[in-house]
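**Q** Got a structure for you, written out below as structure tokens; questions coming shortly.
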Protein chains: 6
Amino acid sequence: MISRYPVPEFATLPDDIKARMLAVQEKAGFIPNVFVTLAHRPDEFRAFFAYHDAVMLRDSVLTKAEREMIVVATSGVNHCLYCVVAHGAILRIYAKNPLIADQVAVDPQKADLTPRQKAMLAFAVKLARTPEAVSEADRDALRPHGFSEEDIWDIGAITAFFALSNRMAHLIEMRPNDEFYRMGRG
Amino acid sequence: MISRYPVPEFATLPDDIKARMLAVQEKAGFIPNVFVTLAHRPDEFRAFFAYHDAVMLRDSVLTKAEREMIVVATSGVNHCLYCVVAHGAILRIYAKNPLIADQVAVDPQKADLTPRQKAMLAFAVKLARTPEAVSEADRDALRPHGFSEEDIWDIGAITAFFALSNRMAHLIEMRPNDEFYRMGRG
Amino acid sequence: MISRYPVPEFATLPDDIKARMLAVQEKAGFIPNVFVTLAHRPDEFRAFFAYHDAVMLRDSVLTKAEREMIVVATSGVNHCLYCVVAHGAILRIYAKNPLIADQVAVDPQKADLTPRQKAMLAFAVKLARTPEAVSEADRDALRPHGFSEEDIWDIGAITAFFALSNRMAHLIEMRPNDEFYRMGRG
Amino acid sequence: MISRYPVPEFATLPDDIKARMLAVQEKAGFIPNVFVTLAHRPDEFRAFFAYHDAVMLRDSVLTKAEREMIVVATSGVNHCLYCVVAHGAILRIYAKNPLIADQVAVDPQKADLTPRQKAMLAFAVKLARTPEAVSEADRDALRPHGFSEEDIWDIGAITAFFALSNRMAHLIEMRPNDEFYRMGRG
Amino acid sequence: MISRYPVPEFATLPDDIKARMLAVQEKAGFIPNVFVTLAHRPDEFRAFFAYHDAVMLRDSVLTKAEREMIVVATSGVNHCLYCVVAHGAILRIYAKNPLIADQVAVDPQKADLTPRQKAMLAFAVKLARTPEAVSEADRDALRPHGFSEEDIWDIGAITAFFALSNRMAHLIEMRPNDEFYRMGRG
Amino acid sequence: MISRYPVPEFATLPDDIKARMLAVQEKAGFIPNVFVTLAHRPDEFRAFFAYHDAVMLRDSVLTKAEREMIVVATSGVNHCLYCVVAHGAILRIYAKNPLIADQVAVDPQKADLTPRQKAMLAFAVKLARTPEAVSEADRDALRPHGFSEEDIWDIGAITAFFALSNRMAHLIEMRPNDEFYRMGRG
């Protein structure tokens, strides 16, 4: 089972959802289960991926690998298997580093990262687990690394979106595709 | 200040965002700050409200007041002022109960609620703060109250969306409109 | 129900307790439930209000509103409905600010307060929830705001008394009077 | 130093406070530091001991030793040295058991206690640390041991008073008299 | 760097430590860094591996894979990169399952395990993080799965040893060999 | 009962374990229960005491009393009765201070210790409870007190070993000998 909930037949899906799935299949070679399982509710599916694209694909000083680091680190502290495994695979590929995902998922502050990346992940993890505790001092810790206020929004918005995503994955017991576990391990 | 970030001039906004703001203004008499502040990033704005509508407006066994209870209770444990105050106002109005929002924000298990509503909020609060700890036993506690698996998705999806929303509000230090504090207090 | 425990008939109460109730009724227009419910045990009632007066009425650099801020902030983190609602009302009145109580109850560090008041509440909240963690560094953070050692006792003593008060309210499930919810909202 | 704050000269104290100190000195052979240090503020001193007597000396199904167990167990989880050491001594004496205080301070659920006493301390420790989490289930766990609603008030009121007391001791860094450490050790 | 501390030259090591390293190298094809880094202190090295063998190699109803599950699950909650990566590799090999280690490290209760294995890991994780909270009820939850008191010792002793091991790895910032990340991934 | 598990007859024990017990009996006048209870599993017994000796008896800048302080402080936060009581006794004797053990067990930062000892215990307690949170800043806090990297290993290794020991004591419900409670109290 890849979800506690019914998984719709592909043929029965609305055209826009079919198209999105075919596009990812062409790129990845398979359809990640997040598409298949969330398609149970088309409106939530559409909003979910619109939000995903808005925060993950926008122009940003954060590299693609850095965005995935935020996903993996915050999903790690949220114990979200789907996001750790699926985005861990993507992180390995973007970073061209077969070790980085496990490091970031387990203990980001001891991973093979730059001080700037560690600062970024410290902020993201705090916002992920205790959003009420984020203070001016936490923002101040980002600034020496060159992060602007807009960059902090980028970091925070990815964290916020995966706070949602991790909870949906726990809620429906979303299972990562077997393919993800090995991808990018060199 | 209603946000740490720049607030766009209304005239400069894309038409769809203008339209959404005018619609809410007509209904509420003012534009809630969540619209004004998130408009700084139109793509995130659109995804945010699409998601909001998908989980808050869909057909559900949850009444409108019950959905707002989930928002207020989970925003309470996340110490999110914007959502407690703004959705507290909406909850008072939908529930036609001037006391209920403060009760739910501070201590839902002692609020003037039905056992079914208390069970719903216990599940939501757990998913909000420790999503990894949600277990079959937590779902089992909902079933005697008549909640189906689909109803549990409804509860969980609202919780997940406001996990995102609370973090965005903390991130940008979103300030509730003064109007909300008094609305629905009888 | 305003308490899990029996609430004594006014006529059966000792004279000093009757007098205290009549005095507050004259001032407030109603008798707050903390008086009515604690009167179930006259000796504890007397000690409770003697302690209350000793810390809340004594001469202090803390204004009346600031003392209530401490009550509301620490009762907020203790999820004590009675104290948040009743003292929130008093805070709104003393501060002549209809918004302040909800802000302080939910997230004091983002409330419309002075840096001095925020420092005071950070100390109080830490003493309220993890008294063992209060260190010299926490006292040092108060000093630049002009707080003397005696002022710190004032802050701490109010916090300590409401640690007791919050636990009594949870224990007996003390219910705030309906009147408090709307008081001072302008 | 027995307190961060000035300790008044005995001769300068109000008569009622002097009398209280002399009475305890006659009984114990020395004046416990809680009397000496709190005398810095006579009104708080009076309220403190009035409250103490109201909860610790009242008629109750709880034996004197059992009341001290509540003090020691809750002060243990609050890491309050004064109360663990001073009330530990009193507990050893009342229980005529030289081992019991260290057991209760460190790990009450594995102490040489009856199941009824362990249930009582589980309730007290929960109210002490997370008062908001106390639920009907926690009360239900006390009932098979014969605790009535009034007995639960007794347990809770002692816990609440020492929530105050522990915070005052941390606040002023109250030091236990050396005598207490050895008392009742057989 | 594989440790914050000096790593001894192989040639300078005592013979028994050399022999142990050569034995593991013959079996694994490389020397895991736990051997190389702990060799900085030969007496601790010897005690460490004697303890390891006593709990990991002894006759037990726990299979080799189940023992490694305990290591991976408890190291996961302790965020110990070395143990998650190195013992994750061993777990994949023993269990002949390329997916199991990531599942157990991130969220054991949703891993592809038997109910008996999930019960075992729930006990281990609780002992790992909050040893003081382990109660008779936690042991009772193991018994329907056929675990005897001796089996519970086995589970607990592995957990206890890796409580030590995780702390040593954090202390010296022990780095897993690159080889481990890919082993057993099929 | 001194353990949940069978306690072997002395006569049935292997000679090396007998010898170790007789040696400690000669020195202490009785056999501490940790020897008697762990003898149920001779291999674990041998590894346990080999590790104990490796960290507690090695040459170090830490005095014998300071090593015991680490044991007592970390066992205090782990609520381990055996280690608090048994090592508390040893600490009193080594430090020639009848008060120190209770102070260190309950609240090390307010104990009669040097700033250097308090810094040492702050590091140990953090490693004991949240090993993943130990950072460079925590090491930096030790350096002004003259602790070298090797000294930090000493502190950490003792902490790590008693993380194991505390869990074993909780697991088997190891009971301290009555003698320990009074030893060294002057």
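The values are calculated or read from the model by the stated rules, or taken from the named source; none is laboratory data. Not measured: the values here are computed from a predicted model. Glycine gets a Cβ as well: all are built from the backbone with ideal geometry, and neighbour counts include every protein chain shown. Accessible surface areas use protein heavy atoms only, side chains included; no ligands, DNA or RNA. Shrake-Rupley method; radii C 1.70, N 1.55, O 1.52, S 1.80 Å.
**Q** Applying the selection to the range D:32-66, what residues are over 25 Å from residue C:49 (Cα atoms) and without any contact (Cβ under 8 Å) to a residue 60 or more places away in the chain?
**A** D:63, D:64, D:65, D:66
**Q** Given F:51, F:5, which one is of a type in the set (Ser, Thr, Tyr) and within 14 Å of the chain's Cα centre (by Cα)?
**A** It is F:51.
**Q** Does the range F:131-139 contain at least one residue that is open to solvent by 50 Å² or more (accessible area, probe 1.4 Å) and at pLDDT 95 or above?
**A** Looking for residues that are open to solvent by 50 Å² or more (accessible area, probe 1.4 Å) and at pLDDT 95 or above, one finds at least one in the range F:131-139, hence yes.
**Q** Contact list please: Cβ distance under 9 Å, first residue in the range B:2-26 and small (Gly, Ala, Ser), second residue open to solvent by less than 60 Å² (accessible area, probe 1.4 Å) and not in a loop (DSSP other than H, G, I, E, B), pairs at least six apart or on different chains.
**A** B:3/B:33; B:3/B:36; B:3/B:37; B:3/B:38; B:3/B:172; B:11/B:18
**Q** May I ask you to verify whether residue E:93 is over 28 Å from residue F:154 (Cβ atoms) and among the β-branched types (Val, Ile, Thr)?
**A** yes
**Q** Being in contact with a Lys or Arg (Cβ under 9 Å, 6 or more places away or on another chain) and away from chain E (no Cβ under 14 Å): is that true of residue F:50 here?
**A** no
**Q** Being polar (S, T, N, Q) and surrounded by 15 or more Cβ atoms within 10 Å (Cβ to Cβ) is the filter here; which residues of the range B:23-48 pass it?
**A** B:33, B:37
**Q** Please enumerate the residues belonging to the range C:35-54 that are over 22 Å from residue D:56 (Cβ atoms) and either among the aliphatic types (A, V, I, L, M) or modelled with pLDDT under 95 (or both).
**A** Matches in the range C:35-54: C:36 only.
**Q** Kindly establish whether residue A:149 is out of contact with any strand residue (DSSP E or B) (no Cβ under 7 Å at 6 or more places or on another chain), open to solvent by 10 Å² or more (accessible area, probe 1.4 Å) and at the interface with chain B (Cβ under 9 Å from one of its Cβ atoms).
**A** yes
**Q** Here is a follow-up. Select from the range C:176-186 the residues that are assigned to a helix (DSSP H, G or I) and of a type in the set (D, E, K, R) and write down the one among them that is most open to solvent (accessible area, probe 1.4 Å).
**A** C:182
So that you can scan it fast, the table gives a plain yes or no per residue for (1) in a helix (DSSP H, G or I); (2) at the interface with another protein chain (Cβ under 7 Å from one of its Cβ atoms); (3) among the aliphatic types (A, V, I, L, M):
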residue: A:117; (1), (2), (3): yes, no, no
residue: A:120; (1), (2), (3): yes, no, yes
residue: A:157; (1), (2), (3): yes, yes, yes
residue: A:167; (1), (2), (3): yes, yes, no
residue: A:170; (1), (2), (3): yes, yes, no
residue: A:174; (1), (2), (3): no, no, yes
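**Q** Based on what the data block shows, is residue A:65 among the hydrophobic types (A, V, I, L, M, F, W, C), part of a helix (DSSP H, G or I), modelled with pLDDT of 95 or more and open to solvent by less than 50 Å² (accessible area, probe 1.4 Å)?
**A** Spelling it out, residue A:65 is indeed among the hydrophobic types (A, V, I, L, M, F, W, C), part of a helix (DSSP H, G or I), modelled with pLDDT of 95 or more and open to solvent by less than 50 Å² (accessible area, probe 1.4 Å).
**Q** List pairs: first in the range A:67-90 and more than 11 Å from every other protein chain (Cβ to nearest Cβ) and more than 11 Å from residue A:158 (Cα to Cα), second surrounded by 24 or more Cβ atoms within 10 Å (Cβ to Cβ) and among the hydroxyl-bearing types (Ser, Thr, Tyr), Cβ under 7 Å, 6+ apart or cross-chain?
**A** Close Cβ pairs (under 7 Å, with a partner that is surrounded by 24 or more Cβ atoms within 10 Å (Cβ to Cβ) and among the hydroxyl-bearing types (Ser, Thr, Tyr)) amount to A:87/A:75.
**Q** Would you mind telling me which numbered condition in (1) out of contact with any helix residue (DSSP H, G or I) (no Cβ under 7 Å at 6 or more places or on another chain); (2) more than 14 Å from chain B (Cβ to nearest Cβ) residue A:130 fails?
**A** (2)
**Q** So for the range D:100-107 (the condition being surrounded by 16 or more Cβ atoms within 10 Å (Cβ to Cβ), in a loop (DSSP other than H, G, I, E, B) and either touching a helix residue (DSSP H, G or I) at 6+ places or on another chain (Cβ under 6 Å) or on the phi < 0 side of the Ramachandran plot (or both)), does at least one residue qualify?
**A** Yes; the residues of the range D:100-107 include at least one that is surrounded by 16 or more Cβ atoms within 10 Å (Cβ to Cβ), in a loop (DSSP other than H, G, I, E, B) and either touching a helix residue (DSSP H, G or I) at 6+ places or on another chain (Cβ under 6 Å) or on the phi < 0 side of the Ramachandran plot (or both).
**Q** Let me ask another. For residues in the range A:111-130 being closer than 17 Å to residue A:84 by Cβ and not small (Gly, Ala, Ser), which is surrounded by the fewest Cβ atoms within 10 Å (Cβ to Cβ)?
**A** A:129
**Q** Additional query: Six or more apart or on different chains, Cβ atoms under 7 Å: show the pairs whose first residue is in the range F:156-173 and buried (at least 24 other Cβ atoms within 10 Å of the Cβ) and whose second is assigned to a helix (DSSP H, G or I) and of a type in the set (D, E, K, R).
**A** F:156/E:167; F:157/E:44; F:158/F:67; F:159/E:167; F:160/E:167; F:163/E:167; F:170/E:132
**Q** Oh, and also: Only one of (1) open to solvent by less than 20 Å² (accessible area, probe 1.4 Å); (2) of a type outside the set (Lys, Arg); (3) under 21 Å from residue B:159 (Cβ atoms) is not met by residue B:13, so which one is it?
**A** All conditions pass for residue B:13, except number (3).
**Q** Report, by residue number, each residue of the range E:80-99 that is part of a loop (DSSP other than H, G, I, E, B) and surrounded by fewer than 24 Cβ atoms within 10 Å (Cβ to Cβ).
**A** Scanning the range E:80-99 gives E:96, E:97, E:98, E:99.
**Q** Give the range F:22-43 a look and list any residue that's within 14 Å of chain E (Cβ to nearest Cβ), more than 18 Å from the chain's Cα centre (by Cα) and assigned to a helix (DSSP H, G or I), or say none.
**A** F:42, F:43
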